[in-house]
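The values are calculated or read from the model by the stated rules, or taken from the named source; none is laboratory data. Remember, predicted model here, so these are calculated numbers, not experimental data. Positions of Cβ are generated from backbone atoms using ideal geometry, with glycine treated the same way; all protein chains shown enter the neighbour counts.
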Amino acid sequence: MKVTGTLQQQAWLRRELPPVEQVTRGVWSVPVPIPDNPLRYVLSYVIEHASGFVVVDPGWDDLASWQALTDGLAECSVPLDAITAILITHVHPDHHGLSGAVREKSGAWIGMHEREGTLLRSPRLPAAPRASGTCAGAVPLKSTSGRSRPSRKAGPAAPARWRARTAT
């Protein structure tokens, strides 16, 4: 692995939230705090494409996390309405918690592996506790694997295995 910068590592060692960093042209790392958690933060990524931006793992569903994400987007000069897609690497709440709020403000589609969508719909999954004062969070998603659905915004088409839509 090649380390391209040391600011995040230095901040981790100082137990501080690292700064927003431009990783490479068109790619930014935005730290989003996880309140009252030893992990401290998740790194969300903002990736520019021809018709807007993709956000990867927007972070924990909490007002402080939402503020950090939106401040980070502003620092990258990315308005919420320019986000066309939200990709979730896995459905832990520190990665997926703000995906619904970002979708609500941007109109972006949410993509994840279809097995993650199945996990979200599992009746055996306990309801996640929500801290008081949280912002609008994620909603259960249904896989639309194999079915095409037109996007409300121009942008890259979601791979079929990543397409998701709001449960009805």
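Would you check if ALA64 is without any contact (Cβ under 8 Å) to a residue 12 or more places away in the chain, over 18 Å from GLN8 (Cβ atoms) and among the small types (Gly, Ala, Ser)? Spell out how you get there, then give the answer.
On the way: without any contact (Cβ under 8 Å) to a residue 12 or more places away in the chain: no; over 18 Å from GLN8 (Cβ atoms): yes; among the small types (Gly, Ala, Ser): yes.
Considered against the rule, which asks whether it is without any contact (Cβ under 8 Å) to a residue 12 or more places away in the chain, over 18 Å from GLN8 (Cβ atoms) and among the small types (Gly, Ala, Ser), ALA64 comes out as no.
Within region 22-47, the set of residues being more than 12 Å from TRP12 (Cα to Cα) and either assigned to a loop (DSSP other than H, G, I, E, B) or in contact (Cβ under 8 Å) with a residue 60 or more places away in the chain (or both) comprises ARG25, GLY26, VAL32, ILE34, PRO35, ASP36, ASN37.
Evaluated against (1) among the aliphatic types (A, V, I, L, M); (2) under 29 Å from TRP12 (Cα atoms); (3) at pLDDT below 80, VAL78 falls short on exactly one condition, (3). For region 41-63, the criterion of being of a type in the set (Phe, Trp, Tyr) and surrounded by fewer than 22 Cβ atoms within 10 Å (Cβ to Cβ) is met by at least one residue.
Out of region 32-63, which residues are closer than 21 Å to GLU16 by Cβ, touching a Gly at 6+ places or on another chain (Cβ under 6 Å) and hydroxyl-bearing (Ser, Thr, Tyr)? Result: SER44, single match.
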